[in-house]
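Everything below concerns the one structure shown next.
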Amino acid sequence: MSFRLKIRKVKTIPVLTVFGDITGNNIGKLTAKLDHMIKMPSERIAIDLASVSFIDSHGLGVFVFFFRRLQEQRRIMVILHPSEFISELFSGSNLDRIFTIVNDEREL
């Protein structure tokens, strides 16, 4: 699957849906979209990972960077619909302890 990004809204929350693997090759596109989203006036932003099967260390670093930026603004980053593999990746790296992770858009 080719790497694509799409911004949509659920209620008033901007959601970035990611399609494809998140690697160092496409970090620039991901960072640019997240920079755009962080400027949106919303208490939280969500990143939908339902269509992501792999995230490398560059991708994890981007998520941690934006998590911290939002935290400084007293805002929340929510990870939405992670696959079992991605959930295990977050768990193995203890990121599941800092990220808000939900499996249903109604929980946003």
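The values are calculated or read from the model by the stated rules, or taken from the named source; none is laboratory data. Quick caveat: nothing in here was measured; it's all calculated off a predicted structure. Counting neighbours? That spans all protein chains shown, and the Cβs are built from the backbone with ideal geometry, glycine included.
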First in region 95-108 and farther than 18 Å from VAL62 by Cβ, second anywhere and among the basic types (Lys, Arg) and assigned to a strand (DSSP E or B), Cβ under 9 Å, 6 or more apart: LEU108/ARG44
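So that you can scan it fast, the table gives a plain yes or no per residue for (1) of a type in the set (S, T, N, Q); (2) in contact with a helix residue (DSSP H, G or I) (Cβ under 9 Å, 6 or more places away or on another chain):
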| residue | (1), (2) |
| --- | --- |
| PRO14 | no, yes |
| ASP35 | no, yes |
| GLU43 | no, no |
| ASP48 | no, yes |
| SER51 | yes, no |
| PHE54 | no, yes |
| VAL64 | no, yes |
| ILE98 | no, yes |
Residues being surrounded by 11 or more Cβ atoms within 10 Å (Cβ to Cβ), within 13 Å of ILE45 (Cα to Cα) and either among the basic types (Lys, Arg) or at pLDDT below 95 (or both) - total across region 11-32: 1
